[in-house]
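Notes to accompany the following structure.
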């Protein structure tokens with residue numbers, strides 16, 4: 001009998017928090033290669049697994065049916081059918097609040113276009129992420145960033161622009177190094193060569209995960225740095241490497257993953273940092289003053305004032 005997962009979590013996160021999910025995560029961390037493949041598949045495809053026969057799951061995981069049966073028994077189930085039933089039971093408690101949200105969006109959207117449906121998925125992802133995150137956890141991470149000697153930010157592929165957005169938000173308040181901003185893996189490794197226990201690495205990776213992000217994060221952790229991982233699921237390879245992990249729901253009907261919720265988490269983290277102490281509030285004010293002269297509204301005011309003075313001078317010259 002599995003314990004009900006948190007009703008506020010996104011499905012994959014809620015499933016991972018259940019008793020069965022925790023057992024699968026232990027296998028994912030410590031099991032054999034074949035068992036890790038099965039555990040990973042179960043953690044990522046819970047809904048689909050409830051409809052798979054043992055042969056179909058074995059094919060999907062590239063293992064034998066005997067291996068699947070042995071895997072189920074090792075987890076304490078009589079056979080594969082019993083394990084599949086436990087997956088379905090856990091899902092029933094996890095999916096109820098999320099399916100209610102999706103049904104509401106579907107009814108509102110009606111026969112919406114794929115583009116509007118995508119916006120609905122983004123809304124659902126942000127809502128599910130918000131319900132699962134704890135403000136105190138974000139505040140603790142904000143404090144760690146404030147105290148760090150340097151904050152390294154890392155993201156490859158589609159996560160690179162998320163890393164860039166985070167770096168821009170943090171720049172007025174921390175010494176920030178955007179690890180992969182000016183090149184690929186070689187440049188990133190060069191930046192991380194001097195990382196120490198006084199530093200923080202914020203790594204961002206959503207499906208599809210990059211091997212380089214995982215290997216560089218492991219290097220930074222081995223060097224003593226504090227790791228903050230922003231990823232989508234406890235089954236992510238970054239989850240076990242992070243001292244702090246922020247989960248951003250990323251499921252999408254068409255794209256490999258949606259980054260909407262991850263961006264929302266980044267903004268929440270930036271806000272937490274900005275408002276964490278009076279010194280950061282003062283820094284934010286100075287930053288705004290410094291860039292005000294280059295903003296469109298300010299430029300228009302200065303330009304309008306200049307034109308008025310020039311017109312007045314010309315009128316004076318004509319009168320004289």
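Readers should treat all values here as calculations from the given coordinates under stated rules, not as data from a laboratory. As the structure is a computational prediction, the values presented were derived from the model and not from experiment. Every residue, glycine as well, gets a Cβ built from its backbone with ideal geometry; the counts of neighbours run over all protein chains shown.
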query = residue 143 to residue 88: FRET efficiency via 1/(1 + (r/R0)^6), r the Cβ-Cβ distance, R0 41 Å, to the nearest 0.05?
reply = 0.50
request  = Please order 89, 267, 186 by the number of other Cβ within 10 Å, starting at the fewest.
outcome  = 186, 267, 89
Protection proxy ranking of 28-35, 165-172 - average other beta-carbon atoms within 10 Å, highest first = 165-172, 28-35
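Could you rank the peptides 214-223, 253-262 by their average count of other C-beta atoms within 10 Å per residue, with the highest value first?
Working: 214-223: 17.2, 253-262: 19.3.
Ranking, from highest mean packing down: 253-262, 214-223.
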Inter-label distance for residue 136 and residue 113, nm, one decimal - labels placed 7 Å from Cα along Cα-to-Cβ = 4.6 nm
ask   = For 232, 178, what's the fewest-to-most ordering of other Cβ within 10 Å of each Cβ?
value = 178, 232
inquiry  = Which residues among region 119-156 fall inside the zone where the amide N is under 13 Å from a point 7 Å beyond the Cα of residue 244, along Cα→Cβ?
reply    = 134-149, 151-152
request  = Subtract the Cα-Cα distance of residue 189 and residue 277 from 0.36 nm times their separation in residues, and report this length gain in nm to one decimal.
outcome  = 28.4 nm
inquiry  = Suppose the chain between residue 215 and residue 65 were pulled fully straight at 0.36 nm per residue; how much longer would it get relative to their current alpha carbon spacing?
reply    = 50.8 nm
query = Can you work out the FRET efficiency for the pair residue 208 and residue 19, with r the C-beta to C-beta distance and R0 = 35 Å, to the nearest 0.05?
reply = 0.75
